[in-house]
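First up is the structure itself, then whatever we jot down about it.
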Amino acid sequence: MLTFKECTLLKLEKTFNLQQVRTHKILQEWLSGTTDISEKERINLLDLKELLIDNVDDWNEQELSLHFIGPLFTFVNFSTKHFNAFAERKLSSIVEGVEMLGKPDGMIASGRREPEIPYFCFQEYKKEKDAEGDPAAQALAAMLVAQTLNKGKRPVYGCYVRGRNWFFMVLQGKTFCISQNYSSTKDEIFDIFKILKVLKQKIIEMVESQS
């Protein structure tokens with residue numbers, strides 16, 4: 001059994017013959033997607049940014065999640081009758097003969113009360129330096145499980161956070177790609193919010209294609 005916490009990118013690459021690439025069409029399409037930000041959303045994001053600037057170096061993981069990440073996801077509103085946002089839920093599957101198990105900090109998955117098929121996996125770390133574990137690998141491990149549960153029919157989206165820095169990911173087949181960092185204490189917070197809103201639209205399109 002391989003738990004998400006013990007994963008490193010090297011271990012995942014060797015175990016599952018994965019390849020990291022610097023650019024990926026699906027990631028670029030996601031990151032460059034367009035959506036509107038209302039004036040109310042803009043004001044809320046500016047307030048969140050100021051709160052983060054004052055506290056990001058002192059908050060622990062739970063405080064970062066409670067005061068910043070949670071509200072940001074709430075503004076996007078991933079709660080629908082077809083899929084929902086979940087936190088600390090067990091995620092497991094047999095991936096190429098290897099049992100994988102963990103509890104990602106967050107995921108967007110089909111289902112209302114319990115997660116069923118994950119579309120997006122999220123991992124957060126408060127520390128920007130010398131954090132315990134490997135958030136990129138833990139996110140990728142969860143994405144591998146999600147890929148298996150999706151029967152490899154679609155790309156899997158992911159994200160991990162180190163303090164103020166957000167990194168977005170995609171996994172398709174044996175190839176994965178990680179974006180450059182987006183700083184949530186700068187005006188890039190608006191880019192982060194747009195990327196999450198575009199993600200919601202992509203998930204809606206996935207759900208509609210299944211019906």
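The values are calculated or read from the model by the stated rules, or taken from the named source; none is laboratory data. Owing to the predicted nature of the structure, the values given are computational and were not obtained by experimental measurement. Cβ placement follows ideal geometry from the backbone for every residue including glycine, while neighbour counts extend to all protein chains displayed.
One table, with the values for the structure above:
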read-out	value
Unique residue being surrounded by fewer than 18 Cβ atoms within 10 Å (Cβ to Cβ) and either outside any loop (DSSP other than H, G, I, E, B) or not hydrophobic (A, V, I, L, M, F, W, C) (or both) when the list is Lys186, Lys197	Lys186
Residue list for the range 153-184, restricted to those being without any contact (Cβ under 8 Å) to a residue 40 or more places away in the chain and on the phi > 0 side of the Ramachandran plot	Gly173
Some residue of the range 74-89 being of a type in the set (D, E, K, R), closer than 18 Å to Ala137 by Cα and surrounded by fewer than 13 Cβ atoms within 10 Å (Cβ to Cβ)	yes
Residue match in the range 32-43 (condition: buried (at least 19 other Cβ atoms within 10 Å of the Cβ) and either outside any loop (DSSP other than H, G, I, E, B) or touching a residue at least 60 places away in the same chain (Cβ under 8 Å) (or both))	no
Single unsatisfied condition, Asn77 versus (1) at pLDDT 95 or above; (2) touching a Gly at 6+ places or on another chain (Cβ under 7 Å)	(2)
Given (1) modelled with pLDDT of 95 or more; (2) in contact with a helix residue (DSSP H, G or I) (Cβ under 8 Å, 6 or more places away or on another chain), number of the condition Gln201 does not satisfy	(2)
Complete set of residues in the range 164-183 that are surrounded by 16 or more Cβ atoms within 10 Å (Cβ to Cβ) and out of contact with any helix residue (DSSP H, G or I) (no Cβ under 9 Å at 6 or more places or on another chain)	Asn165
Some residue of the range 164-176 being modelled with pLDDT under 95 and under 15 Å from the mean Cα position of the chain (by Cα)	no
Of all residues making up the range 66-113, the number that are in contact with a Phe, Trp or Tyr (Cβ under 9 Å, 6 or more places away or on another chain) and in contact (Cβ under 8 Å) with a residue 40 or more places away in the chain	20
Candidate set: the range 48-62, residues that are part of a helix (DSSP H, G or I) and of a type outside the set (Asp, Glu); chosen: the one surrounded by the fewest Cβ atoms within 10 Å (Cβ to Cβ)	Gln62
